[in-house]
1. Gain in length, VAL168 to PHE193, computed as 0.36 nm per residue apart minus the alpha-carbon separation, to one decimal in nm?
2. Arrange the following residues from fewest to most other Cβ atoms within 10 Å of their Cβ: LEU38, LEU116, LEU20.
3. Once the other residues with Cβ under 15 Å from the Cβ of GLU186 are scored (Lys, Arg +1; Asp, Glu -1), what is the net sum?
4. Hey, with R₀ at 35 Å, roughly what FRET efficiency would ILE37 and TRP124 work out to, going by the Cβ-Cβ distance, to 0.05?
5. If neighbour count is taken as other Cβ atoms inside 10 Å, put ASP70, ASP166 in order from fewest to most.
6. So how far apart, in nm, are the two label points at VAL181 and MET11 if each is 7 Å from Cα heading toward Cβ?
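Please treat every number below as a calculation from the coordinates, not as lab data. Nothing here was measured: the structure is a model prediction, and the numbers come from that model. Here the Cβ is made from the backbone with ideal geometry for all residues, glycine too, and neighbour counts use every protein chain on show.
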Amino acid sequence: MKMRVQELHPMLIHAPLTLLPSAAVIDVAAAFSRGRILDKTSRILWWTTAAGGLMAGFAGLAATQEVKADTPKTRDMMFLHGFTNAVIVLGALGIAAWRTGRPASLASSLMGVGSLALVGYSAWLGGEMVYSEGIGVNGLTMGRAELDQRSPPLFSREAPLRIARDAVKGLGWLLARARGVFSGRERIEPRAFGVASIEQALESQSSTERFPSRVEPRPM
């Protein structure tokens, strides 16, 4: 079975997901121990994490143009996943740059540890997109010709240009969606957050609107 361009993102994402917790934990140890080896190791890990995140993010932006997300919920899940990852990568770059000329400190350690919550949410949301919503499972709903057109084989002549082109288009889509959301012109589908309590409340409201309870008139 051929590996396709859209599958490059899930292949690359495991590196920063592993490196970032390692960088954060070693940064904490370096801040408290003041050890040179730990300090140097955490500095290298932060730059490695940022580099891995950039590569995975580039592939992820391309993948947004190559998978099917046909509903407001799935499109906004993809937006939230991409936006959260962008924040994480920018944060890793910021910490790496800060740590280049400075030793590990409580501030850098807290920023690193705090980023783990975002990493966990984004990773979980990515799993929900695939396993619950079927995003990226194109082969089950597309013919071979349509699949080749949308996401060509990774090791083909067309792949490098397609990845670059789709990454630029994906970045444009992400920035436009973010601008619309933060300006108040657009709203995010509440179900896209993947929070069960929100989904249940919305489903309950929808059921009530479709099947309103009858109120019997009181006898006079």
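1. Length gained between VAL168 and PHE193: 6.5 nm.
2. Taking fewest neighbouring Cβ atoms as first place, the list is LEU116, LEU38, LEU20.
3. For residues surrounding GLU186, the net value is +4.
4. 0.55
5. Lowest to highest Cβ neighbour count: ASP70, ASP166.
6. Taking the two extended label points, one gets 2.8 nm.
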